[in-house]
Amino acid sequence: MSYPFRDKFLPWPRTPLFTLAKPDGDLKPFWEAHARDFAYVQPNTNFAESAAGDLPIPSTLVNPDTGARIATPEEWPALRETHLRNITRILYGELPPKPQSREVEILKEKEVFDGTALQRILKLTLCNDGKRHEVTVLCYIPKAAQPVPAIVAMNFPGNHGCTDDPDVPLSPWRDQQKPRGDGKSRWNFRLLTDAGFAVITCARYDFYPDDVFGRKESVFRLFHDESELTPRDRQYTAISAWAYGYSILRELAASFPEINAKDIWAHGHSRLGKTALWTIANDPGWAGAISNCSGCAGAKISRRNYGETLEVIDHFFPWWVTHEALPYAQNPAILPFDQHTLIALAAPRPVLVTSAHEDQWADPMGQFLAVKGAQETYQLLGGKPLPSQEYPALEEVLMSPSLGYYERHGIHDVTDQDWTNVINFIRQTR
């Protein structure tokens, strides 16, 4: 057994980057150190399978506190709580509580796609102790005789970046300068509605602006004073805020008469792929999840020194994970779980994990091994394993009604091919 991680992450003393973000909002020292450190880390990242190491991953059926192995489905809920508690403490932190109330206002609604679907734009306001937090939600819903399944998927550029439709309002956040339709190649809404799926989306930064000062503008502000939401308050993470947002959107979608409330799926790309797995672990209302190119702290095994590592995330994106992550990021072998455990927390609900050949940063092999590692929990609960235990060829799609994995050609992205595979995966779980 080889331990593949280097003793020193940086050749100079490691300064936690979040401590360089000044209270007055000056980010120059932060970004200067960020650029310096990344200029060293990125070219020294390992992309050789021979150097990834062979640290064993713990069984999802063994209690990391006692070493006892479970053998029956009835024993899983208690062990699941142990895993959930560990992942909460070490990685993502607690999700915010429920708001006291919420308000929904339809801003616009019209027929689209030659009259086959509705576009609905909503303002969702969460209210708590006199504080209000607004989110703009974009929905596409196919016209159908019966309630349809839905996919909830947050977006990166803002709703206006997902379409060139001028009726979709510009985002009020910092990304509004991006051109309308800038990210529309990732959002083939008609492909999905023609297949009979509704799509619900909003900007990720509506729930947590994705930067070191994001906490003070995030949904956490409903429940905490601004003095408690500084860069040092790492117990309040972006991934948990986004996961909370996913569940808020699921509840919204479930209230629509056109949507089957029991058939709503969480989909996420990249950091939102991490989020999709975390939201389904916390919320039993989801039908299943799709994690697209999620990589480290998502569907990639942390015990592999390949591409992005947990130490990279802890250092460069400290608002994604808690302050408890550092000792484990420096020594992943002592983690009481790995990311296959996160996938197992969804069981028996189906999960599809996807990757791309030119996205080695996200470690496609590490993601496949995480899906494999979750299988024993699915099988204990009556689920089906992957149809093959061998790493699939490029473009080969492995699917069972419980789990799926594939690696396609191309880059870190969401393509029409990905959406088609999502549709096929969901259909074959029926």
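What size of dipole, in debye to the nearest 20, comes out for the range 103-159 about its Cα centre when the only charges are +1 on Lys and Arg C-beta atoms and -1 on Asp and Glu C-beta atoms? Don't jump to the answer; show the numbers that get you there.
Details: 7 positive and 7 negative charges, 7 e Å.
Dipole about the Cα centre, nearest 20: 40 debye.
Projecting each Cα onto the charge dipole of the chain (Lys/Arg +1, Asp/Glu -1 at the beta carbon, about the Cα centre), which of Leu122, His357, Gly158 comes out farthest on the positive side?
Leu122
Calculate the all-directions average of the projected area of the range 52-116's alpha-carbon convex hull, and give it in nm². If you can, show how the numbers build up before the last one.
Details: hull surface 45.2 nm².
So the mean shadow area of the Cα hull is 11.3 nm².
Please give the net charge around Gln100, taking every other residue with its beta carbon less than 10 angstrom from that of Gln100, where Lys and Arg add +1 and Asp and Glu add -1. It would help to have the intermediate numbers written out before the result.
Numbers: positive: Lys98, Arg102, Lys131; negative: Asp129.
Overall, the nearby charge balance is +2.
Using protein chains only and a probe of 1.4 angstrom, how many square angstrom of Leu107 are accessible, to the nearest 10?
Accessible area, nearest 10 Å²: 80 Å².
Normalising by the residue count of the range 362-430, find the relative contact order in percent from Cα pairs under 8 Å and 6+ residues apart. Walk me through the numbers on the way to the answer.
On the way: 69 pairs, mean separation 17.1, N = 69.
Taking the mean separation of contacting Cα pairs over the length of the range 362-430, I get 25 percent.
With a 1.4 Å probe and all protein chains left in place, how much of the accessible area of the chain comes from carbon and sulfur atoms, in whole percent?
Numbers: 8750 of 16590 Å².
Carbon-and-sulfur percentage of accessible area, whole number: 53.
Would you please state the base-10 log of I(q)/I(0) at q = 0.07, 0.11 1/Å for the chain, with intensities from the Debye formula using one equal scatterer on every alpha carbon?
-0.32, -0.83
Going by average Cβ density within 10 Å per residue, which order do the peptides 114-126, 209-221, 55-67 take, highest to lowest?
209-221, 114-126, 55-67
Can you tell me which of 289-295, 270-276, 348-354, 331-337 comes out highest on packing, and rank the rest after it, using the mean Cβ neighbours within 10 Å? The partial results should precede the final answer.
Values: 289-295: 29.3, 270-276: 27.4, 348-354: 24.9, 331-337: 17.3.
By packing density, highest mean first, the sequence is 289-295, 270-276, 348-354, 331-337.
R0 = 45 Å: FRET efficiency of Phe316 with Glu111, Cβ-based, nearest 0.05?
Working: r = 45 Å, r/R0 = 0.99.
That gives a FRET efficiency of 0.50.
How large is the accessible surface per residue of the chain, computed with a 1.4 Å probe and reported in Å² as a whole number?
Values: 16590 Å² over 430 residues.
Using a 1.4 Å probe on heavy atoms only, each residue of the chain averages 39 Å².
Looking only at the chain, where both bridge partners belong to it, what percent of the DSSP beta bridges are antiparallel (to the nearest 5)?
Details: 29 of 53 bridges.
Bridges in the chain that DSSP calls antiparallel: roughly 55 percent.
Using Cα-Cα distances under 8 Å and only pairs 6 or more residues apart, what relative contact order does the chain have, in percent? If you can, show how the numbers build up before the last one.
On the way: 902 pairs, mean separation 68.3, N = 430.
Relative contact order comes out at 16 percent.
If His83, His409, His224 are ordered by their accessible area, calculated over protein heavy atoms with a 1.4 Å probe, which sequence runs from highest to lowest? Don't skip to the end; give the middle numbers.
Numbers: His83 5, His409 105, His224 40 Å².
These residues rank, largest area first, as His409, His224, His83.
Which ³J(HN,Hα) values in Hz, rounded to whole numbers, follow from the phi angles of the range 232-239 under the Karplus curve 6.51 cos²θ - 1.76 cosθ + 1.60, where θ = phi - 60° and Gly and Pro get x?
Karplus values, whole Hz, x for Gly and Pro: 7, 7, 6, 5, 9, 9, 5, 5.
With runs of 4+ DSSP H residues as the only contributors, calculate the mean residue ellipticity of the chain at 222 nm using -39,500 (n - 2.57) per run, divided by the residue total and rounded to the nearest 500. Could the numbers behind the result be given before it?
Values: 10 runs with 109 residues, N = 430.
That calculation yields -7500 deg cm²/dmol at 222 nm.
For the range 313-430, count the residues as N, evaluate 2.2 N^0.38 Å, and divide the Cα radius of gyration by that value, please.
Details: Rg = 15.3 Å, N = 118, 2.2 N^0.38 = 13.5 Å.
Scaled against compact globular proteins, the figure is 1.14.
Size of the range 9-134 along its principal axes in angstrom, Cα-based, largest extent first?
Result, largest extent first: 55, 54, 43 Å.
Tell me the label-point distance for the pair His412, Arg6, using the 7 Å Cα-to-Cβ offset, in nm and rounded to one decimal.
1.9
On a 1.4 Å probe surface of the protein chains, which of Ser400, Ser227, Ser101 comes out largest in accessible area, and what is the full order?
Working: Ser400 5, Ser227 95, Ser101 55 Å².
Heavy-atom accessible area, descending, gives Ser227, Ser101, Ser400.
Please quote Rg/Rh for the range 223-272 to two decimal places, taking the Kirkwood radius as Rh and restricting both calculations to Cα atoms.
Numbers: Rg = 14.7 Å, Rh = 13.0 Å.
Result for the range 223-272 is an Rg/Rh of 1.13.
List the residues, sorted by chain then number, that are 5 or more residues from Ile264 or on another chain and whose placed amide H is less than 5 Å from its amide H.
The list, which skips near neighbours in sequence, is Ala150, Ala287.
The values are calculated or read from the model by the stated rules, or taken from the named source; none is laboratory data. Note that the structure is a prediction, hence the values are computed from the model and not measured. Quick reminder, even Gly has a Cβ in these numbers, built from the backbone with ideal geometry, and neighbours come from all protein chains shown. Ligands, DNA and RNA are stripped out before the accessible areas are found, and what is left, the full protein with its side chains, is counted by its heavy atoms. Shrake-Rupley method; radii C 1.70, N 1.55, O 1.52, S 1.80 Å.
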